[in-house]
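The values are calculated or read from the model by the stated rules, or taken from the named source; none is laboratory data. These figures come from a predicted structure and were not determined experimentally. Cβ atoms come from the backbone with ideal geometry, glycine included; neighbour counts cover every protein chain shown. Ligands, DNA and RNA are excluded from the accessible area calculation, which covers all protein heavy atoms including side chains. Shrake-Rupley method; radii C 1.70, N 1.55, O 1.52, S 1.80 Å.
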Amino acid sequence: MLKIILLVGVFCINNNVLAQAHQNLSMPSAKFSKGDNKQWASPEFNDSQWKNISTTANWESQSYNSYDGFAWCRIHVTIPSSLKQKSFLKDSLRIFLGKIDDASEVFLNGELVVKSGSFPSDAGGYVSAYYQPVEFHVSANAAFLHWDKDNIISIRVYDGGGNGGMYGPMPFINMMDLIDAVTMETDEDPFLFLNNNKVSKSISIDNHSDKEIDGSLSVRAVQQSTGKELYQKKQAVRLASFASQKIGASFISGEAVTLFYTFTESKTKKTIEKKNVVPYILTSKESSEPKINGAKVFGVRPGSPFLFRIPATGESPKIFSIKDLPDGLSVDENTGIITGTLKNRGEYKMEFIVKNKSGEAKRDFTIKVGDLLALTPPMGWNSWNCWGLSVSDAKVKSSVDALIDKGLINHGWTYINIDDGWEAAQRSPSGEIIPNEKFPDMKAFTDYLHGKGLKAGIYSSPGDQTCGGYLGSLHHEMQDATSYANWGIDYLKYDLCSYEKELSKNPTLEEYQRPYKLMEKALRSQPRDIVYSLCEYGLKDVWKWGHEVDGNLWRTTGDINDSWESLYGIGFRQDVPAPYAKPGRWNDPDMLTIGKVGWGEHLHETHLTPDEQYTHISLWSLLSAPLLLGCDLSRLDDFTLNLITNDEVIAIDQDPLGKAAHKAFVNKDYQVWVKDLEDGSKAIGIFNVSDHYSSIKINLATVSGSGKSFDVRDLWRQKDLGVFNSEFTTNVQSHGVTFIKIKMR
């Protein structure tokens with residue numbers, strides 16, 4: 001008998017795709033009610049007056065906007081006995097409910113079968129279970145299971161802030177079978193880039209049962225644009241009990257190639273399928289000669305501690321010097337770290353100089369001493385998309401070390417931001433916020449970062465609790481800002497979360513501004529600069545008033561995830577706030593979802609294809625958006641590292657003019673976005689938003705607004721394409737981009 005645990009808790013759903021989709025019983029809708037009543041778990045309860053709601057979208061998107069607190073979903077489903085009869089094992093039923101935000105309990109015909117997170121009334125208080133898929137298994141012979149009759153799945157949800165309810169993949173029911181003991185892990189081992197466009201990939205096939213399982217694996221590589229099969233391999237697979245087998249593939253690849261894997265189990269002929277879109281690198285390797293990268297301008301307030309590390313690539317050792325460095329500052333010639341203070345307002349122009357044995361690089365740089373910080377969009381890393389609430393000092397330091405060891409620091413990646421989950425359960429007797437046991441010494445941690453030339457960021461909420469149920473800053477704004485300054489914090493993300501319950505039923509603009517003004521005053525009273533990030537999801541058009549509370553950046557949207565739907569829905573709707581972006585005031589469409597992400601302990605390779613990742617970085621750079629990585633930096637593969645170290649692309653984001661791109665052309669298949677740059681040139685993103693490979697022709701004069709002939713440079717390939725007389729044609733992969741810079745002749 002296959003060993004299957006019954007009535008398990010929450011875990012990530014098997015990431016195999018079942019080919020027998022017709023054996024899945026889908027559950028697209030549920031009955032819904034706000035409020036909380038334990039009687040709603042009973043199968044006898046009459047919910048006929050409840051409204052219908054989709055099970056694949058949060059309730060905020062279904063006419064329950066800004067609702068936080070308890071709510072229930074009840075799904076009525078008849079489970080046909082034919083599901084059991086057609087299965088091989090016939091012993092366990094799987095019920096998958098997608099994702100549930102935040103904490104939840106699930107009842108099947110009145111029986112509590114699984115709990116995720118905890119509620120405010122529980123002994124440990126509210127604990128979010130945001131972003132976790134919910135699945136449980138029931139014995140096919142369970143007394144409370146009704147074959148060929150109505151079954152009631154009752155889901156009690158507590159939402160502590162932001163979006164709430166069921167969302168994500170379509171909930172379904174099916175029978176567990178031999179195929180469910182097999183998993184294909186295609187993301188654990190990265191693609192390896194060999195010589196002459198050859199790539200290799202290893203996958204693992206695992207048997208999680210106590211029985212031997214036989215089958216076969218087919219691997220195919222197909223070029224998307226032509227449908228041509230570049231590689232095919234089929235081999236027998238014999239898996240001993242609880243055994244694993246590695247299988248490799250190596251072939252000549254190119255742009256937009258997809259690997260298809262199909263495992264067929266021999267007894268039932270059922271299959272599981274997965275695929276990888278093969279990444280491809282467009283940017284050449286760095287030169288050994290020195291090159292100065294990153295921002296060309298930096299803002300600081302009079303008398304505040306100054307910290308800036310000159311980002312420079314090239315062979316080490318490198319020697320740094322600065323011509324016309326103002327009094328009050330000094331530079332470490334071995335690291336390029338500039339420290340000190342500037343007391344007087346004004347603009348200070350200087351020249352950076354970097355030398356190594358291969359040559360010398362020079363670059364102009366300006367320090368503006370005044371009221372504005374973040375004169376270019378912040379670049380760095382945030383812990384949330386990787387570690388979620390499981391963040392710790394050790395995990396963050398692993399990303400710090402990787403950021404340095406892998407050279408990201410040499411391209412301008414600077415901020416290391418600790419998101420939710422660092423706060424202790426109680427304040428000190430005098431009311432100060434203190435870190436929990438995962439961060440034993442916050443001051444030592446920030447000193448460690450500053451010693452490397454990096455900046456430290458932290459997270460809080462204007463409410464009494466954060467999104468994850470930790471302590472917020474309500475009524476402690478000045479104390480918390482003082483603690484942050486004493487620790488050496490350089491950046492604060494201030495997340496609305498539980499403050500929503502402090503708002504009236506129809507809150508005014510003044511109500512939304514009030515908590516952010518309070519923290520603004522507290523931050524401005526500190527003796528150090530703290531970049532202020534407003535996280536309130538674009539409510540009340542924050543891009544119109546964020547500057548009034550001295551916000552340096554503000555979220556314009558809800559949370560992003562690593563799907564094309566999320567990327568498209570957020571990124572390509574940023575044309576509305578775009579006109580409000582300028583130096584020190586940035587629209588924030590949320591963090592980057594590339595690399596290994598997971599929002600907790602179980603990380604996975606981003607679900608964005610390589611072309612979607614090129615689109616992600618290109619569009620965020622055109623938007624002058626903050627560039628905040630959210631992946632595990634210690635596990636960067638070659639493709640991801642190359643993606644985030646292209647200095648010509650980063651320069652578009654960091655352009656001192658500080659304008660965001662506008663949407664110059666749009667139809668159902670492609671969009672063209674254009675950004676004005678300080679040197680008079682323009683950056684243009686040509687995005688194929690369709691599901692098919694396309695040849696796209698644009699008129700450069702029309703989209704740029706003037707000119708008859710243009711010098712065109714491909715930014716990802718860092719290659720001049722020549723002179724074009726207005727008409728420009730490019731081939732673009734599905735969900736991909738051609739990213740160019742043009743200059744009128």
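In the stretch 373-418, of all residues being under 14 Å from residue 601 (Cα atoms) and in contact with a Ser or Thr (Cβ under 8 Å, 6 or more places away or on another chain), the one that is surrounded by the fewest Cβ atoms within 10 Å (Cβ to Cβ) corresponds to 395. Of the strands (runs of 3 or more DSSP E) lying entirely inside the stretch 110-185, the ones with 2 or more residues being more than 28 Å from the chain's Cα centre (by Cα) are found at 111-116, 133-139, 150-159, 172-175. The condition of being open to solvent by less than 30 Å² (accessible area, probe 1.4 Å), within 29 Å of residue 636 (Cα to Cα) and touching a strand residue (DSSP E or B) at 6+ places or on another chain (Cβ under 9 Å) does not hold for residue 370. If you go through the stretch 706-721 one residue at a time, do you hit one that is open to solvent by less than 10 Å² (accessible area, probe 1.4 Å) and more than 29 Å from residue 565 (Cα to Cα)? Yes. For residue 103, the conditions (1) in contact (Cβ under 8 Å) with a residue 60 or more places away in the chain; (2) open to solvent by less than 10 Å² (accessible area, probe 1.4 Å) all hold with the exception of (1). Scanning the stretch 236-247 finds one or more residues that are open to solvent by 60 Å² or more (accessible area, probe 1.4 Å), among the small types (Gly, Ala, Ser) and either closer than 30 Å to residue 558 by Cα or assigned to a strand (DSSP E or B) (or both).
Can you tell me which residue within the stretch 157-189, out of those that are within 22 Å of residue 100 (Cα to Cα) and of a type in the set (Ser, Thr, Tyr), is modelled with the lowest pLDDT? By that ranking, first place goes to 167. The set of residues from the stretch 463-481 being buried (at least 24 other Cβ atoms within 10 Å of the Cβ) and assigned to a loop (DSSP other than H, G, I, E, B) comprises 466, 467, 468, 469, 470, 472, 473. On the basis of being surrounded by 23 or more Cβ atoms within 10 Å (Cβ to Cβ) and touching a helix residue (DSSP H, G or I) at 6+ places or on another chain (Cβ under 6 Å), does residue 599 make the cut? Here the answer is no, as residue 599 does not meet what is asked. Tell me yes or no: at least one residue of the stretch 299-311 is closer than 26 Å to residue 739 by Cα and either in a strand (DSSP E or B) or of a type outside the set (S, T, N, Q) (or both). Yes, the stretch 299-311 contains at least one residue that is closer than 26 Å to residue 739 by Cα and either in a strand (DSSP E or B) or of a type outside the set (S, T, N, Q) (or both).
Screening residue 430 with (1) assigned to a loop (DSSP other than H, G, I, E, B); (2) surrounded by fewer than 24 Cβ atoms within 10 Å (Cβ to Cβ); (3) touching a residue at least 24 places away in the same chain (Cβ under 8 Å) gives one miss only, at (3). Just one residue in the set 505, 540 is more than 21 Å from the chain's Cα centre (by Cα), at positive phi and either hydroxyl-bearing (Ser, Thr, Tyr) or not in a helix (DSSP H, G or I) (or both); that residue is 540.
Residue 365 passes every criterion in (1) farther than 22 Å from residue 654 by Cα; (2) touching a residue at least 40 places away in the same chain (Cβ under 8 Å) apart from (1).
Residue-level check: of (1) out of contact with any Lys or Arg (no Cβ under 6 Å at 6 or more places or on another chain); (2) open to solvent by 30 Å² or more (accessible area, probe 1.4 Å), residue 676 misses just (1).
Condition test on residue 206, is it farther than 30 Å from residue 36 by Cβ and not in a strand (DSSP E or B)? Here the answer is no, as residue 206 does not meet what is asked.
This table checks each residue for (1) modelled with pLDDT under 95; (2) out of contact with any Pro (no Cβ under 8 Å at 6 or more places or on another chain); (3) among the small types (Gly, Ala, Ser).
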| site | (1), (2), (3) |
| --- | --- |
| 568 | no, yes, no |
| 578 | no, yes, yes |
| 607 | yes, yes, no |
| 618 | no, yes, yes |
| 624 | no, no, yes |
| 628 | no, no, no |
| 632 | yes, yes, no |
| 635 | yes, yes, no |
| 638 | yes, no, no |
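Taking the criterion of being charged (D, E, K, R) and not in a helix (DSSP H, G or I), the residues of the stretch 543-559 that qualify are 550, 555, 559. In the list 258, 268, which residue meets the criterion of being surrounded by 13 or more Cβ atoms within 10 Å (Cβ to Cβ) and assigned to a strand (DSSP E or B)? From the options 258, 268, the qualifying one is 258. One residue alone among 253, 225, 216 is within 30 Å of residue 280 (Cα to Cα) and touching a residue at least 60 places away in the same chain (Cβ under 8 Å), and that residue is 225. Restricting the stretch 108-144 to residues that are aromatic (Phe, Trp, Tyr) and open to solvent by 20 Å² or more (accessible area, probe 1.4 Å), the residue that is nearest to residue 39 (Cα to Cα) is 144.
Note on the stretch 325-353: among residues that are in contact (Cβ under 8 Å) with a residue 40 or more places away in the chain and open to solvent by less than 50 Å² (accessible area, probe 1.4 Å), the one that is nearest to residue 373 (Cα to Cα) is 342. Residues that are buried (at least 16 other Cβ atoms within 10 Å of the Cβ) and outside any loop (DSSP other than H, G, I, E, B) within the stretch 722-735 comprise 724, 728, 730, 732, listed in sequence order.
Between 529, 562, 611, the distinction of being assigned to a loop (DSSP other than H, G, I, E, B), modelled with pLDDT of 95 or more and surrounded by 21 or more Cβ atoms within 10 Å (Cβ to Cβ) belongs to 529 only. Can you confirm whether residue 704 is closer than 29 Å to residue 226 by Cβ and at pLDDT below 95? No.
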